[in-house]
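Participant: Please find one structure pasted underneath; my questions will follow.
The values are calculated or read from the model by the stated rules, or taken from the named source; none is laboratory data. None of the values given here were measured: they were computed from a predicted structure. Positions of Cβ are backbone-derived with ideal geometry, glycine not excepted, and every protein chain shown enters the neighbour counts. These accessible areas exclude ligands, DNA and RNA; they are computed on the full protein's heavy atoms, side chains included. Shrake-Rupley method; radii C 1.70, N 1.55, O 1.52, S 1.80 Å.
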Amino acid sequence: MALLVSRMLPLSLLLVASVLLFLLRAAQGQGVSLHQKKDKVPALIVFGDSIVDSGNNNGLKTIVKCNFPPYGRDFPQQQPTGRFSNGRIPSDMIASALGVKDLVPAYLDPYLTPEDLLTGVSFASGAAGYDPLTSQLMSVLTLDDELKLFREYQTKLKTIAGEKRASSIINDSIYLVIIGTDDFANSYFSTPFRKKQFDIPSYTDFLVQKASKFYQGLYELGARKMIIVGLPPIGCVPSQRTLSGGIERQCQDVYNEAAQLTNSKLSKVVSNLPATLPGSRMVYADIYNILLELVLYPSKYGFKVSEKGCCGTGTVEVSVLCNELDPTTCTDVSDYVFWDSYHPTQKAYEIIAGTVIRDYIPRLL
């Protein structure tokens, strides 16, 4: 039928129809990757916590690490790199969508190559927070530490690429920031230190003040295109359901409300700050709602289990507690939203990162 119609239409009309169809598909994003739509992004540079830590914690004197099985069991060559998941993490997926590279390595990786530096690295550290106390409690990098490493990175970049190209890479790259969950999960709700100083609203003010200072610090070091990812529904993470959700392990509403309040304030900062930072572009990305959807309606996205993780019993195991000696780790990880009791699976990350790639990254391009 299509062949018959094509024979009946004049060639000029077929040409017009083809062009219109191409434009329609391009507008819908069908078959057109991010790096095809705009000029190529030179690098993705990442800051934050375990969601985007690709191995920086491996060499730190901390228990918050995962460079051992079963972590990485679905990563290439089943390699446990220090990524807190069974496979790739959001920073890898975003870099791939941008056409930069498929994997974003940790800056502290001893096998880092010059090419790795040219196309971006991760400075993120598992268990880090906007609140410096959060990082100190777990002996991991603070955001100030991450900025210091970024300065060191720039020096290396200039040596490799020269002053002019290094400056172009720094200014034209996209900066991904994902952090904040541990401020509530590991600091505010788990220790008495911050509760003595702050109620929840004032603690969120404190966090947002620290966040704003960090974004300004990135800007002063040359960052111009930043995507700031908000907090997830902390109270629905398996470990928090176990610790605070009662016998039935329900989602902890107070935790979720704290995350939502923080997100609303972060969103305002991200909207207002560029007015004071000439040439900057900042986008706030919400992941709260998509992860909550995965938790509440797992079957809608092809999952069967969302209240516990795949590793071990899935209720408390994370980091060193998630290890290859536990015989109860699931066999089919594709059924699970969460890999361990705190971090999503690669499959869930693909959906979460997909939301960021589709709805937010294009605003920076």
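Participant: I want to confirm something. Restricting to the stretch 233-263 and keeping residues that are open to solvent by 20 Å² or more (accessible area, probe 1.4 Å) and outside any helix (DSSP H, G or I), which single residue is nearest to Leu294 (Cα to Cα)?
Facilitator: In this case the residue turns out to be Cys251.
Participant: Being of a type outside the set (Phe, Trp, Tyr), in contact with a helix residue (DSSP H, G or I) (Cβ under 8 Å, 6 or more places away or on another chain) and open to solvent by 10 Å² or more (accessible area, probe 1.4 Å) is the filter here, so list the residues in the stretch 171-189 that pass it.
Facilitator: Within the stretch 171-189, Ile178, Thr181, Asn186 qualify.
Participant: Can you pull out the residues in the stretch 219-236 that are hydrophobic (A, V, I, L, M, F, W, C) and either more than 13 Å from Val270 (Cα to Cα) or without any contact (Cβ under 8 Å) to a residue 24 or more places away in the chain (or both)? Please lay out each step first, then the result.
Facilitator: To start, the set of residues in the stretch 219-236 that are hydrophobic (A, V, I, L, M, F, W, C) comprises 221, 223, 226-229, 231, 234, 236.
Hits for the stretch 219-236 are Leu221, Ala223, Leu231, Ile234, Cys236.
Participant: Filter the stretch 336-360 down to the residues that are more than 18 Å from Val237 (Cβ to Cβ) and either of a type in the set (Asp, Glu) or out of contact with any helix residue (DSSP H, G or I) (no Cβ under 6 Å at 6 or more places or on another chain) (or both) and list them by number.
Facilitator: Within the stretch 336-360, Glu350, Gly354, Val356, Arg358, Asp359, Tyr360 qualify.
Participant: Tell me, yes or no, whether the stretch 330-353 has at least one residue that is among the hydroxyl-bearing types (Ser, Thr, Tyr) and closer than 15 Å to Pro69 by Cβ. Full working, then the answer.
Facilitator: Within the stretch 330-353, the first condition is being among the hydroxyl-bearing types (Ser, Thr, Tyr), and the residues that meet it are 331, 334, 336, 341-342, 345, 349.
Filter once more, so that each one left must be closer than 15 Å to Pro69 by Cβ: 331.
Scanning the stretch 330-353 turns up at least one residue that is among the hydroxyl-bearing types (Ser, Thr, Tyr) and closer than 15 Å to Pro69 by Cβ.
Participant: Within the stretch 264-274, does at least one residue satisfy the condition of being touching a residue at least 24 places away in the same chain (Cβ under 8 Å) and open to solvent by 50 Å² or more (accessible area, probe 1.4 Å)? Break it down stepwise before answering.
Facilitator: First pass over the stretch 264-274, keeping only residues touching a residue at least 24 places away in the same chain (Cβ under 8 Å): 265-267, 269-270, 273.
From what is left, the residues that are open to solvent by 50 Å² or more (accessible area, probe 1.4 Å) are none.
No: zero hits.
Participant: Looking at (1) within 23 Å of Ile170 (Cβ to Cβ); (2) out of contact with any strand residue (DSSP E or B) (no Cβ under 6 Å at 6 or more places or on another chain); (3) modelled with pLDDT of 95 or more, which is the one condition that is false for Pro69?
Facilitator: (1)
Participant: Still on this model: Sort through Ser202, Ser280, Ser239, Ser244 and tell me the only one that's free of Cβ contacts under 8 Å to residues at least 12 places away in the same chain and not hydrophobic (A, V, I, L, M, F, W, C). Before you say what the answer is, go through the steps one by one.
Facilitator: Numbers: Ser280 fails: free of Cβ contacts under 8 Å to residues at least 12 places away in the same chain; Ser239 fails: free of Cβ contacts under 8 Å to residues at least 12 places away in the same chain; Ser244 fails: free of Cβ contacts under 8 Å to residues at least 12 places away in the same chain.
So the residue among Ser202, Ser280, Ser239, Ser244 that is free of Cβ contacts under 8 Å to residues at least 12 places away in the same chain and not hydrophobic (A, V, I, L, M, F, W, C) is Ser202.
Participant: Quick check on Asp326: is it in a loop (DSSP other than H, G, I, E, B) and within 17 Å of Ile51 (Cβ to Cβ)? Walk me through it before giving the result.
Facilitator: Details: in a loop (DSSP other than H, G, I, E, B): yes; within 17 Å of Ile51 (Cβ to Cβ): no.
For Asp326, the condition - in a loop (DSSP other than H, G, I, E, B) and within 17 Å of Ile51 (Cβ to Cβ) - is not met.
Participant: Keeping to the stretch 60-100, report how many residues are touching a Phe, Trp or Tyr at 6+ places or on another chain (Cβ under 8 Å) and among the hydroxyl-bearing types (Ser, Thr, Tyr).
Facilitator: 3
Participant: For residues in the stretch 166-215 being part of a loop (DSSP other than H, G, I, E, B) and among the charged types (D, E, K, R), which is nearest to Asp253 (Cα to Cα)?
Facilitator: If we filter the stretch 166-215 for residues that are part of a loop (DSSP other than H, G, I, E, B), which is where we start, we get 173, 179-180, 189-199.
Going one step further and asking which of them are among the charged types (D, E, K, R), we end up with 194-196, 199.
Numbers: Arg194: 20, Lys195: 18, Lys196: 21, Asp199: 16 Å.
The qualifying residue nearest to Asp253 (Cα to Cα) is Asp199.
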